[in-house]
Amino acid sequence: AFAGLTAGTDLLVVADDGGAGYAYDFYGPALETTGKSYGIWDRGFSAITATDMSAYEAIIWFSSLEGANFLESDRAEIEQFLNDGGRLFLTGQNIAATILDTGGYPSWMIGVLKTAYQFWNSGSSTVTGLAGDPVSDGIDLDLIGGDGAGNYHAPDVITPSGAGATGIFTYTDTGFGAGNRVEYDDCKIVFLGFGFESINAAADRNLLMQRVIEWLVP
């Protein structure tokens with residue numbers, strides 16, 4: 001078996017989910033509604049470099065409880081990619097906690113993602129967008145049931161930390177931070193403390209993906 005990167009593709013999904021298949025079942029269908037072409041890279045198969053990522057307009061990197069990495073080497077490549085003006089959509093179940101557990105907090109998460117990790121298990125399964133925000137305005141999400149992945153598990157609470165970071169989603173029942181939008185130097189980041197694939201309606205996933213991509217690569 002082998003994998004390769006194809007030139008001329010707009011977006012790249014880095015599937016850091018231990019082979020769960022979410023890239024094909026949830027991310028791909030939502031990306032098809034953006035009008036952009038995309039490829040899928042299985043992080044469990046091989047690491048990916050900043051140079052490889054720089055060939056794409058934006059990177060969608062997601063992790064899950066099925067087997068996330070976020071090794072120091074991954075963080076270094078993502079940091080270089082962003083330093084070069086990269087555009088990143090980062091999401092996943094327990095994603096901030098995973099970065100913490102692999103040594104990426106606080107210096108890397110705060111320094112690079114401009115995001116502070118508060119705690120795991122938000123205590124809420126619904127998410128509310130920020131009025132007037134270009135990504136989340138008018139978007140309310142349910143993370144349980146429906147046609148989502150059914151992998152809701154203690155989504156992380158995160159808050160913006162540093163210049164260029166803005167909170168864009170909160171957990172509805174608690175008001176805790178659920179997602180940030182970040183822009184500094186030449187890079188742009190959308191960072192969600194919950195898994196995109198757990199959103200329980202395809203229409204909501206499609207709308208959110210469209211908004212994210214439109215903001216990252218207008």
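The values are calculated or read from the model by the stated rules, or taken from the named source; none is laboratory data. On a predicted model such as this, the values are computed, not experimentally measured, just so you know. Don't worry about glycine lacking a Cβ; one is built from the backbone with ideal geometry, like all the others, and counts go over all protein chains shown. Side chains included, ligands, DNA and RNA excluded: accessible areas come from the protein's heavy atoms. Shrake-Rupley method; radii C 1.70, N 1.55, O 1.52, S 1.80 Å.
In table form, for the structure just shown:
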{"read-out": "Matching residues, segment 138-164, being in contact (Cβ under 8 Å) with a residue 12 or more places away in the chain, open to solvent by 60 Å² or more (accessible area, probe 1.4 Å) and in a loop (DSSP other than H, G, I, E, B)", "value": "Ile144, Gly146, Asp147, Gly150, Tyr152, His153, Ala163"}
{"read-out": "Segments classed as helices (runs of 4 or more DSSP H), wholly inside segment 45-125, with at least 1 members that are closer than 25 Å to Leu208 by Cα, of a type outside the set (Lys, Arg) and open to solvent by 50 Å² or more (accessible area, probe 1.4 Å)", "value": "72-83, 107-113"}
{"read-out": "Subset of segment 174-218 (residues that are open to solvent by less than 30 Å² (accessible area, probe 1.4 Å) and among the polar types (S, T, N, Q))", "value": "Asn180, Ser198"}
